[in-house]
Amino acid sequence: MSTVLAQPPAGGTDATTPIAEILRAIWEDHRALLHARVDQIGAAVAGLSAGDLMPGASREAGCSAHMIAGTAGTFGFHRASALARALELGLSGERTPDVVTLSGLVRELRDELVLA
């Protein structure tokens, strides 16, 4: 199944625009949302560390990590995808989260997305 964009990305495209330029424009349009999701994950990890995580925040942060993993992987940012996947697993609730490791993963993910 193919996806058809209802509207071209910011800046517009036409039939002669190389696919790499179109993908880069789509990535740029979504970059702020990904950074907001990293902030959400960081807040959840900080809440875990402080012992005052709001109910459901870990699950929501895990969902954000899952979305980042998929989006980053789709656009070829494989390290960012792997870091987000590790955060998703760490926030899954299947085991006691290691807050120090999760905090480090958040920092690394943030750094990777800045470079992307």
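Figures for the structure shown
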{"read-out": "Val99, Val114 arranged by Cβ crowding within 10 Å, fewest neighbours leading", "value": "Val114, Val99"}
{"read-out": "The chain - mean residue ellipticity at 222 nm from DSSP helices (-39,500 (n - 2.57) per run, n ≥ 4, rounded to 500)", "value": "-23500 deg cm²/dmol"}
{"read-out": "Virtual spin-label span in nm between Val100 and Glu21, 7 Å along Cα→Cβ", "value": "5.0 nm"}
{"read-out": "When the chain is reduced to its Cα atoms, the Kirkwood hydrodynamic radius in Å", "value": "15.1 Å"}
{"read-out": "Cα-centred dipole magnitude for the chain, charges only on beta-carbon of K, R (+1) and D, E (-1), debye, nearest 20", "value": "140 debye"}
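Read the figures in this text as sums done on the coordinates, not as results from a lab. Quick caveat, the model's predicted, so the values are computed rather than measured. All Cβ positions, even for glycine, are placed from backbone atoms using ideal geometry, and neighbour counts span all protein chains on display.
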